[in-house]
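For reference, the structure is listed below as structure tokens.
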Amino acid sequence: MLELISEHACFGGIQRFYSHQSSEIGLPMRFSVFLPAQASTGKVPVLFYLAGLTCNEETFMIKAGAQRAAAAQGLILVTPDTSPRGAGIAGESESWDFGLAAGFYVDATEAPWNAHYRMYSYVLELYQTVIQTLPVDSSRVGIFGHSMGGHGALVLALRNPGLFRSVSAFAPICAPSQCPWGAKAFSGYLGGNEQNWLQYDASALMENGRAPFPNGILIDQGLADKFLQDQLFPDAFEKACKKAQQPLELRRHAGYDHGYYFISTFVEDHIRFHSRQ
């Protein structure tokens, strides 16, 4: 059962914010939906966007300016929150890169996080909820994301290629098992056995794969991104794609940083990329 929190006319369509009780999280969760005008007369494709650290279900819809392009292409946009809210875990809001707004799209196995921090399975739950309740063509679903959410999008797509027709990312954390953000999150959520981390590492998954997206993957990366050298490792994913013979368009942009000015510059390219697929 979806609870409509608010709705707003937007580019001939409707921007909505919903709440629902999640069986995977065990708590109420919020998500946002943009419905283009085409959705009022039939089923249309849907594109899931996973946001990054410190963000919530509103961030992309407010900052990226994506609704104009989605309206033109006739795509529904869906954005979940980035972590459970109200879990009541001691210390969950002490760090900006772990806990609240930093669920890393994994299913935690370590207490106390394993009770509610199941963001990987939550995205799949939301996928089913959206298909069952909104005018979605379930054969035409794509996923993309930014930073932590770019990592999530790549991992979810690589592990579930039968669910997603297309995948792209902005400045994704491409090898989280090798970077400080990932080591902190994975050790906290998944424990100290680093082999267990690899199921959520896009570069490791791709290295063991065989071109699950033959029509290509699109990644945009700003070269003025302060996190590029220590946290993101797009070269590792590029190398893994080459080994797997996975077509990849990795676009490197001089002068662009990690934020939403960068995302808003190239978001129309991504929506057109998904629309073609």
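The values are calculated or read from the model by the stated rules, or taken from the named source; none is laboratory data. A quick note: this is a predicted structure, and the numbers were derived from the prediction, not measured. Reconstructed Cβ throughout: ideal geometry from the backbone, glycine too, with neighbour counts over all protein chains shown. The protein model used for the area step is the full one, side chains on, heavy atoms only, and it has no ligands, DNA or RNA in it. Shrake-Rupley method; radii C 1.70, N 1.55, O 1.52, S 1.80 Å.
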message: Please report the antiparallel percentage of DSSP beta bridges with both residues in region 84-218, rounded to the nearest 5.
response: 35
- prompt: What lysines could a cross-link reach from Lys226, if we take a straight Cα to Cα line under 19 Å and drop same-chain neighbours fewer than 8 places away?
  reply: Lys184
task: Could you tell me whether region 1-139 comes out rounded, prolate or oblate from its Cα gyration tensor? Rule is a ≥ b ≥ c as square roots of the eigenvalues, rounded for a/c under 1.5, then prolate if a/b exceeds b/c, otherwise oblate.
output: prolate
- request: With a 1.4 Å probe and every protein chain left in place, tell me how much accessible area Lys63 has, in Å² to the nearest 10.
  value: 120
- line: Expressed in angstrom, Rg and Dmax over the Cα atoms of the chain are 17.4, 51
Prolate/oblate/rounded call for region 193-244, Cα gyration tensor, a/c under 1.5 rounded: oblate
query: Which of the helices in the chain, when you take each full DSSP H run, stretch at least 18 Å along the axis at their Cα atoms and have an average Kyte-Doolittle score of -1.0 or higher?
result: 119-133, 260-276
- prompt: From a point 7 Å beyond the Cα of His253 in the direction of its Cβ, which residues of region 170-186 have a backbone N at a distance under 18 Å?
  reply: 170-174
query: Counting only protein chains, not ligands or nucleic acids, how are Phe60, Phe227 ordered by accessible area (probe 1.4 Å), most first?
result: Phe227, Phe60
query: Can you give the extra length, in nm with one decimal, that the chain gains between Glu7 and Ala90 once fully stretched, where that is 0.36 nm per residue apart less the Cα-Cα distance?
result: 26.5 nm
- request: Using a 10 Å cut-off on Cβ atoms, rank the peptides 32-42, 69-79 from the highest mean neighbour count down.
  value: 69-79, 32-42
- line: The relative contact order of region 199-250, taking Cα pairs under 8 Å that sit 6 or more residues apart, comes to a percentage of 59
message: Given an 8 Å cut-off on Cα distances and at least 6 residues of separation, report the relative contact order of region 57-157 as a percent.
response: 19
- prompt: Quick one: of the DSSP bridges fully inside the chain, what percent are antiparallel, nearest 5?
  reply: 50
- request: Quick one: which residues, 5+ away or cross-chain, put their amide H under 5 Å from the amide H of Val136? H built at 1.01 Å from N.
  value: Val44
- prompt: So what is the relative contact order of the chain, in percent, for Cα pairs below 8 Å that sit 6 or more residues apart?
  reply: 17
field: Label point distance in nm, Thr265-Leu163, each placed 7 Å from Cα along Cα→Cβ
entry: 3.3
field: Shape call, region 139-269: gyration tensor on alpha carbons, a/c limit 1.5
entry: oblate
